[in-house]
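Visitor: The structure under discussion is supplied below as structure tokens; questions concerning it will follow.
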Amino acid sequence: MQDRFVIPARVPAGIASPCGYCAGDAAESQWQPEQLAHLYVCRELSTYRIAVVTGLDRQRVTRMLHRAGVMLRARGAGRPRPLRRTGDPPDLPQLMTDLYDVAGLSSRQIAAETGLPERTVRNRLHRYGIRVRTQGKWNRGDRQTVPVQTLGELYQQLGMTAAEVGELIGVSPSTVLRSAHSLGVSVRTGGAVPLAGPGEIELVNALYEDDQIASVLLAHDIPRVSPGASICERFPEPIPLSTPLVKDLYWQCGAGIHHIELLTGQPAMTVRGFMRREGIPVRPPGGRTPFLRRWRRRQ
């Protein structure tokens, strides 16, 4: 602890009537309330700083200042404050739209271009009503979509398989099938072992027409969204996943992970990751889902 309390004979600017300690050295003594009042009022130190200088507990510093009749400032009062914007520039909404929607920049890239914090960029995107893309590796907005005309000509009219269509236009077979389901194109239900029953399925409508799935969607207040567009266009805002919803669709209704994507707008890999985090077990691989077997029996 400091043994001497020495104050230079200097009066800070703005002090109209300095206390006695501003005129010279203080007497050798233990710390007194008047000394702490001098540090707080004349030297404009905070209670935290006074506690460091004097070695006293901050709560004791506060009590001694109260004893000296000092009115404490509100916490943080008197500190230099950064200049705050009174409002956004009038051209900021258009700039955000151009950078985010037209140029396809991320919020981090926009922050680097504009000098705004990334959190502020995302806040402004929401404020201006700009639809925010989903984040992560499986961004729905970046997915390839096969045009419905291409699917109609190659897959339906010429009878090519999904693998053959994909090889011809340079996409994966899963992309072909996913596009067909989202756009409402009937998909052939082939397989290594042909099964008796209907040969084509329009999956989205079949999901909504299933009694078990319809009851679960009604219980969880999930809206019906007709096919005819990409998953990103069908669900501009994906339906939030919950453990009861995923359990009911997957185990009670027998839907697959891709089926849950078509019903909620959440990417299949996001659904899979959610199930892993929530400890929801998955069915053994291979074979058709219980929903598809039930659909074939119903036809």
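Visitor: Say whether the condition of being on the phi > 0 side of the Ramachandran plot, outside the structural domain of R234 (by TED's automatic domain parsing), at pLDDT 75 or above and surrounded by fewer than 17 Cβ atoms within 10 Å (Cβ to Cβ) is met by at least one residue in the stretch 163-178. Quick ask: steps written out before the conclusion?
Guide: Our first condition is that a residue be on the phi > 0 side of the Ramachandran plot; within the stretch 163-178, this holds for 170.
So of that shortlist, the ones also outside the structural domain of R234 (by TED's automatic domain parsing) come out as 170.
Those still in the list that are at pLDDT 75 or above too: 170.
Next, only the ones that are surrounded by fewer than 17 Cβ atoms within 10 Å (Cβ to Cβ) stay: 170.
Within the stretch 163-178 (the criterion being on the phi > 0 side of the Ramachandran plot, outside the structural domain of R234 (by TED's automatic domain parsing), at pLDDT 75 or above and surrounded by fewer than 17 Cβ atoms within 10 Å (Cβ to Cβ)), the answer is yes, since at least one residue qualifies.
Visitor: Here is a further query. Inspect all residues belonging to the stretch 188-196 and state whether any of them is surrounded by 13 or more Cβ atoms within 10 Å (Cβ to Cβ), out of contact with any Cys (no Cβ under 6 Å at 6 or more places or on another chain) and at pLDDT 75 or above.
Guide: The answer is no, given that none of the residues of the stretch 188-196 is surrounded by 13 or more Cβ atoms within 10 Å (Cβ to Cβ), out of contact with any Cys (no Cβ under 6 Å at 6 or more places or on another chain) and at pLDDT 75 or above.
Visitor: For the condition outside the structural domain of V176 (by TED's automatic domain parsing), surrounded by 19 or more Cβ atoms within 10 Å (Cβ to Cβ) and among the hydrophobic types (A, V, I, L, M, F, W, C), what is the one hit in L241, L249?
Guide: Just a single option satisfies the conditions, and that option is L249.
Visitor: Pick from the stretch 56-78 the residues that are basic (K, R) and assigned to a loop (DSSP other than H, G, I, E, B): which of them is modelled with the lowest pLDDT? Steps first, please.
Guide: Applying the first criterion (basic (K, R)) to the stretch 56-78 yields 58, 60, 63, 67, 73, 75.
When the remaining residues are screened for being assigned to a loop (DSSP other than H, G, I, E, B), the result is 73, 75.
Details: R73: 77, R75: 68.
Among residues in the stretch 56-78 that are basic (K, R) and assigned to a loop (DSSP other than H, G, I, E, B), the one modelled with the lowest pLDDT is R75.
Visitor: In the stretch 144-162, which residue that is of a type outside the set (A, V, I, L, M, F, W, C) and in contact with a Ser or Thr (Cβ under 7 Å, 6 or more places away or on another chain) is surrounded by the most Cβ atoms within 10 Å (Cβ to Cβ)? Explain how you work it out, then say what you get.
Guide: At the first step, the residues of the stretch 144-162 found to be of a type outside the set (A, V, I, L, M, F, W, C) are 144-145, 147, 149-150, 152-153, 155-157, 159, 161.
Narrowing the set further to residues that are in contact with a Ser or Thr (Cβ under 7 Å, 6 or more places away or on another chain) leaves 144-145.
Details: Q144: 13, T145: 17.
Across the stretch 144-162, the extreme among qualifying residues is T145.
Visitor: Take the residues in the stretch 128-143 that are over 26 Å from L177 (Cβ atoms) and exposed (fewer than 13 other Cβ atoms within 10 Å of the Cβ), then tell me which one is modelled with the lowest pLDDT.
Guide: Only one residue fits best here, namely R131.
Visitor: Restricting the search to the stretch 261-281, which residues are touching a helix residue (DSSP H, G or I) at 6+ places or on another chain (Cβ under 9 Å) and part of a helix (DSSP H, G or I)?
Guide: Scanning the stretch 261-281 gives E261, L262, L263, T264, A268, M269, T270, V271, R272, F274, M275, E278.
Visitor: May I pose another question? When you check P227 against the structure, is it at pLDDT below 90 and surrounded by 14 or more Cβ atoms within 10 Å (Cβ to Cβ), yes or no?
Guide: So P227 fits the description; yes.
Visitor: Next question, about the same structure. Within the stretch 269-286, take every residue that is within 22 Å of the chain's Cα centre (by Cα) and touching a residue at least 12 places away in the same chain (Cβ under 8 Å) and give me the one that is surrounded by the most Cβ atoms within 10 Å (Cβ to Cβ).
Guide: Within the stretch 269-286, the match that is surrounded by the most Cβ atoms within 10 Å (Cβ to Cβ) is V271.
Visitor: Within the stretch 100-119, track down each residue that is in a helix (DSSP H, G or I) and surrounded by 15 or more Cβ atoms within 10 Å (Cβ to Cβ).
Guide: Y100, S107, Q109, I110, A111, T114
Visitor: Okay, moving on. Which condition does R81 not pass, out of (1) in a loop (DSSP other than H, G, I, E, B); (2) modelled with pLDDT of 75 or more, if it passes all the others?
Guide: (2)
The values are calculated or read from the model by the stated rules, or taken from the named source; none is laboratory data. Note that the structure is predicted; figures quoted are calculated from it, not measured. Positions of Cβ are generated from backbone atoms using ideal geometry, with glycine treated the same way; all protein chains shown enter the neighbour counts.
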